[in-house]
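Here the structure is laid out as structure tokens; the discussion comes afterwards.
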């Protein structure tokens with residue numbers, strides 16, 4: 001299995017507490033004052049943070065949605081190193097994107113599976129999140145296997161984005177993700193939380 005050994009969580013970037021002027025070009029405190037009024041008016045950043053934490057608790061993105069049978073079958077076959085079982089879950093003319101690499105068609109996908117999934121004995125050791133999104137299913141899983149783990153974290157999580165076509169998978173996209181700078185459920189600083197809070201009330 002190929003996983004980029006570049007860790008984006010360690011990449012140099014501006015501190016979030018230096019970004020207060022990046023929200024509408026104004027300091028966060030001014031944004032709060034302009035965009036929140038009446039009973040929802042928050043006159044300081046700390047109150048904005050409290051508001052955000054109530055509306056978006058830390059586990060708000062975690063769901064207990066049930067895996068569709070075809071997705072469950074996909075992971076079962078992968079964990080059993082069953083090439084035919086994995087292929088059987090895919091629609092006609094499937095298209096896989098694995099860590100920003102495209103594999104289109106059964107022949108190309110089969111070679112990738114044989115070498116990097118079955119060959120490296122890759123398994124989904126634990127399904128941690130299942131999140132339906134329109135017609136797609138996003139699964140976050142703890143991975144393990146005999147792949148090169150140099151510079152990878154002790155616990156490697158991958159996100160699998162499954163596009164479904166009836167009772168088959170038309171496109172699995174496999175990524176090693178990190179939260180976006182402005183993800184409302186996982187804000188990384190008080191200023192950032194307050195900036196997001198400022199968008200939650202009527203203008």
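The values are calculated or read from the model by the stated rules, or taken from the named source; none is laboratory data. The structure displayed is predicted, hence computed values, not measured ones. Counting neighbours? That spans all protein chains shown, and the Cβs are built from the backbone with ideal geometry, glycine included.
Could you check, for segment 74-85, whether at least one of its residues is modelled with pLDDT under 95 and assigned by TED's automatic domain parsing to the domain that holds residue 139?
Pass one, segment 74-85, residues modelled with pLDDT under 95: none.
Within segment 74-85, none of the residues are modelled with pLDDT under 95 and assigned by TED's automatic domain parsing to the domain that holds residue 139.
Filtering segment 68-84 down to residues that are assigned to a helix (DSSP H, G or I) and free of Cβ contacts under 8 Å to residues at least 40 places away in the same chain, which residue is surrounded by the most Cβ atoms within 10 Å (Cβ to Cβ)? Show your work before the answer.
Going through segment 68-84, the residues assigned to a helix (DSSP H, G or I) turn out to be 69-79, 83-84.
Going one step further and asking which of them are free of Cβ contacts under 8 Å to residues at least 40 places away in the same chain, we end up with 72-73, 76-77, 83-84.
Working: 72: 15, 73: 18, 76: 14, 77: 20, 83: 16, 84: 8.
The qualifying residue surrounded by the most Cβ atoms within 10 Å (Cβ to Cβ) is 77.
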